[in-house]
Amino acid sequence: MGKKEAEGALQEAPVSEITEEQEVEEIIERPYTLRKLKDHDLFTLLKILKKIGIKDCKEAFIQVASGEKTLKQIGIMASFDIADILIGNLAKVEEETYEMWSDISGIPVEEMKDMEFGTLPLMIMDTFSEARNTSFFRVLSKFLS
């Protein structure tokens, strides 16, 4: 089959419809319960953010945002710069991160380290997305501005 025939076959291939079974999202079981954030969590989180390089992230964004660029270009460039900073500094906050989410979840640090892959990131995302923690993050954002 030549290149043109292959392209034609691709274009003519029927698009299968997505069934309801395929649309059902995987429900992720959470082997933990997180408490509401408290005042003492603010200091731990500020320490983690400082070590991760939150100031460097802000500087990277400001630097990328200068000049004649579209919003999309700024977003893409800033995302890569910020990801590089965060990934480069994650090892610096491993213990503090485990300690904080151990305190929030009540699960000992050593048990957390042995949990299924992805549990800690899920805990972090759940903490930041919890509506009951909104006022905590409002205060945190004032400290960071």
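The values are calculated or read from the model by the stated rules, or taken from the named source; none is laboratory data. Just so it is clear, the structure is predicted and the values come from calculations on it, not from any experiment. A quick note on method: Cβ atoms are made from the backbone with ideal geometry, for glycine too, and the neighbour counts reach across all protein chains shown.
For the reader, a short list of remarks on this structure follows.
- When we screen Lys55, Lys50, Lys72, Lys3 for residues that are modelled with pLDDT of 80 or more, out of contact with any helix residue (DSSP H, G or I) (no Cβ under 7 Å at 6 or more places or on another chain) and over 26 Å from Thr127 (Cβ atoms), the only hit is Lys72.
- Subset tally (residues that are more than 18 Å from Lys36 (Cβ to Cβ), in contact (Cβ under 8 Å) with a residue 60 or more places away in the chain and hydroxyl-bearing (Ser, Thr, Tyr)) for the stretch 103-145: 1
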